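Here's the structure we're looking at; comments come further down.
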Ligand code: UT7
């Protein structure tokens with residue numbers, strides 16, 4: 001029997017500076033009640049450091065949790081829609097900082113489905129025997145692509161990183177089945193126009209091209225149907241039914257999407273883990289951060305069947321069905337922290353609010369609030 005990919009370590013890095021709904025009320029026409037009712041979000045984080053820094057700390061915490069040394073890793077994969085650089089990859093930078101000298105590295109972009117895509121990739125490599133110990137990280141600094149006066153996008157997204165260590169293990173536990181899907185014809189519904197090579201390299205871009213272009217309603221509908229259909233398909237591949245599922249840890253897109261998708265499948269809310277309220281939608285980082293929070297909250301038990309459905313830009317979707325391993329407690333903890341900051345959230349967003357001001361009939365030199 002071939003080995004299975006089992007999660008043996010988990011960790012997250014949540015940057016300290018919060019952007020609350022009340023903060024957003026100061027810069028756009030919105031209110032806490034609307035945001036919370038429509039999304040389940042009260043606050044999200046704005047990172048004062050690069051996404052690579054968040055990825056590194058989440059990785060160190062996941063390695064300590066697994067009781068592994070960086071030199072033992074065979075592979076590091078980072079899923080990100082907002083990498084600090086395209087080359088070198090975030091994974092390569094993290095490898096250097098950790099001293100994971102025996103690990104290959106690559107980044108992968110499947111937007112909010114990135115963690116599921118990365119896990120699907122490395123599961124095949126673990127089952128074939130090519131690698132034995134792998135670190136998968138989801139890391140995002142999404143605030144870089146938001147216009148904080150655009151109420152249709154900036155309310156949703158936040159920064160953060162989560163990491164999981166996978167190890168080749170004999171037995172019943174591990175990834176049981178995966179489903180990956182995409183519909184590139186709908187890709188226009190969620191676009192970061194300025195974060196690639198499109199256009200002349202040194203041409204100044206129109207301001208509106210620098211921010212996320214987003215059609216919330218079609219994405220909402222596709223996400224509900226897509227996550228439900230993908231989960232059902234993956235369960236079937238694993239020879240299981242929805243009744244076998246002990247816990248769903250979905251991509252934290254929007255509390256209403258999670259609620260509607262799991263309701264559609266007949267999965268009761270007490271079997272669904274959410275942590276979107278204080279983190280917002282962190283794209284590829286959301287599932288690995290939620291794994292850490294679910295473990296800390298005692299929601300994961302040995303042998304549990306756990307479903308991880310995701311949906312995001314591309315558009316892409318995917319689901320993992322996993323049987324959780326024996327261990328639910330960390331082997332060790334990593335004590336490091338991010339460098340401290342005295343910056344307020346409006347210090348961190350000042351350049352952003354000035355840059356996009358002309359799109360909202362304001363002058364860039366005006367007071368930001
Ligand atoms: O993670 C990757 C996948 N992405 C997602 O999962 C996001 C999917 N989409 C969504 O989460 C939702 O579509 C949003 C949260 C973005 C928007 O929620 P919605 O329920 O689809 O609202 P809507 O766009 O239909 O707007 C309803 C009303 C409109 O007013 P009228 O035309 O009915 O008078 C909007 O102008 O709410 C208004 N509105 C707001 N009001 C206060 C829109 N945004 C806001 C806001 N605050 N922030």
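Values quoted throughout were computed directly from the atomic coordinates according to the rules given, and no laboratory measurement underlies them. Keep in mind that this is a model prediction, so the values were computed, not measured. FYI the Cβ positions are ideal-geometry reconstructions off the backbone, even for glycines, and counts take in every protein chain you see.
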Footprinting exposure proxy for 141, 225 (fewest neighbouring C-beta atoms within 10 Å first): 225, 141
Computed E for residue 259/residue 369 - FRET, C-beta separation, R0 45 angstrom, nearest 0.05: 0.85
Among 95-103, 264-272, the order from most to least packed when residues are scored by Cβ within 10 Å on average: 95-103, 264-272
Cα long-axis angle, helix 114-128 against the chain (0 to 90 degrees, to the nearest 10): 20
Linear extension gain, residue 28 paired with residue 343, 0.36 nm per residue minus alpha-carbon span: 111.3 nm
The stretch 4-360: relative contact order as a whole-number percent, Cα under 8 Å and 6+ apart: 26
Taking only Cα atoms of the stretch 189-283, radius of gyration then Dmax in Å: 17.7, 55
Cα long-axis angle, helix 216-237 against the chain (0 to 90 degrees, to the nearest 10): 0
Segment residue 359-residue 183, length gained on full extension (0.36 nm per residue, minus Cα span): 60.3 nm
DSSP beta bridges in the chain [antiparallel fraction, %, rounded to 5]: 75
The stretch 1-130: relative contact order in percent, alpha carbon pairs under 8 Å with at least 6 residues between: 28
Gain upon complete extension [residue 331, residue 20; 0.36 nm per residue less C-alpha separation]: 108.5 nm
Packing-based order for 118-131, 356-369, 192-205, using average beta carbon neighbours within 10 Å, highest first: 118-131, 356-369, 192-205
Cα long-axis angle, helix 51-66 against the chain (0 to 90 degrees, to the nearest 10): 20
Cut-off 17 Å, label 7 Å out along Cα→Cβ of residue 271, residues of the stretch 240-255 by amide N: 240-251
Packing-based exposure ordering (other Cβ within 10 Å, fewest first) of 76, 321, 207: 207, 321, 76
Per-residue Cβ neighbour rank within 10 angstrom, fewest leading, 221, 133, 42: 221, 42, 133
